[in-house]
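J.: Once you've had a glance at the structure underneath, I'll fire off some questions.
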Amino acid sequence: MPGKCVLFGDSKPFLPPPWQTTDDRVRGGSSQSYLAALPNNGARFYGNLDTKTLGGAGFASQFSPIGGQNCNSTSVVASQEGSTSEGETVWDLSDYDGLQINLGKGDGKTYTMILKDERSDVKRDDGREKAGISWEVEISAEKDGVNVWKTWSDFKAFYRGKEKDDAGKLNRSQIRRIGLMMRRFGPVAQA
């Protein structure tokens, strides 16, 4: 069993290259998110979650760049449907039991960590990223900071914000993107 594998932070800065912003503005919302590098190789995830524009729902997220190198990663080359794009980093985390997230001082809110094991270079006709399965887990950003441990079984499959029970299993040998999200689903129905 291998030792510790640092994906981001510690000895591996979050930036550069820049993370990709995916906010609800792609659906007509007005939320905005940012990821800023910190001097200790950490990062600050922040922004504005607007839940009024889309009727009580909203999301603001940042995703790791396509490309770059980290431990246990391979850069694969191909361009046909069903394969990966040139320069896309694929992390093989199959030898690990889960992820540890080291959170600094937080705001006490709940965030979502997202893993994607499907290609991220497939685009729709309008140029936006095609929707796919996301593997998600909630993390609480405690005010005093905390190290959060999540096993692979803690991650649940989602498609377009809804849990998907028949998605199979997370392909830990081909993690292509890692994301952070703040979100709120639509209004709760009154009884």
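J.: Answer yes if at least one residue in the stretch 22-32 is closer than 23 Å to I175 by Cβ and at pLDDT 90 or above, and no otherwise.
T.: Yes, the stretch 22-32 contains a residue that is closer than 23 Å to I175 by Cβ and at pLDDT 90 or above.
J.: A further question follows. What number of residues within the stretch 125-176 satisfy the criterion of being touching a helix residue (DSSP H, G or I) at 6+ places or on another chain (Cβ under 8 Å) and without any contact (Cβ under 8 Å) to a residue 60 or more places away in the chain?
T.: Matching residues across the stretch 125-176 total 3.
J.: Tell me whether the stretch 118-133 contains one or more residues that are among the polar types (S, T, N, Q), under 17 Å from the mean Cα position of the chain (by Cα), closer than 23 Å to S31 by Cβ and surrounded by 13 or more Cβ atoms within 10 Å (Cβ to Cβ).
T.: Within the stretch 118-133, one or more residues are among the polar types (S, T, N, Q), under 17 Å from the mean Cα position of the chain (by Cα), closer than 23 Å to S31 by Cβ and surrounded by 13 or more Cβ atoms within 10 Å (Cβ to Cβ).
J.: Right, another one. Go through the stretch 1-12 and report how many residues are in contact (Cβ under 8 Å) with a residue 12 or more places away in the chain, surrounded by fewer than 15 Cβ atoms within 10 Å (Cβ to Cβ) and of a type outside the set (D, E, K, R).
T.: 4
Yes or no, residue by residue, for (1) over 25 Å from V6 (Cα atoms); (2) surrounded by 13 or more Cβ atoms within 10 Å (Cβ to Cβ); (3) at pLDDT 85 or above; (4) over 16 Å from the mean Cα position of the chain (by Cα):
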residue	(1), (2), (3), (4)
L49	yes, yes, yes, yes
Q62	no, yes, yes, no
I66	no, yes, no, no
Q80	yes, no, no, yes
T89	no, yes, no, no
I101	no, yes, yes, no
G106	no, yes, yes, yes
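J.: Please determine, by comparing only the residues of the stretch 44-53 that are assigned to a loop (DSSP other than H, G, I, E, B) and touching a residue at least 60 places away in the same chain (Cβ under 8 Å), which one is farthest from M182 (Cα to Cα).
T.: T51
J.: Output the number of residues of the stretch 147-172 satisfying the condition of being modelled with pLDDT under 90 and either under 15 Å from the mean Cα position of the chain (by Cα) or within 14 Å of L115 (Cα to Cα) (or both).
T.: 2
J.: Oh, and also: Do you know which residues across the stretch 18-43 are surrounded by 16 or more Cβ atoms within 10 Å (Cβ to Cβ) and part of a strand (DSSP E or B)?
T.: Within the stretch 18-43, Q20, T21, T22, D23, S33, L35, A43 qualify.
The values are calculated or read from the model by the stated rules, or taken from the named source; none is laboratory data. Model, not experiment: these values are computed from the prediction. Methodologically, a virtual Cβ is constructed for each residue, glycine included, from the backbone with ideal geometry; neighbour enumeration extends over all protein chains shown.
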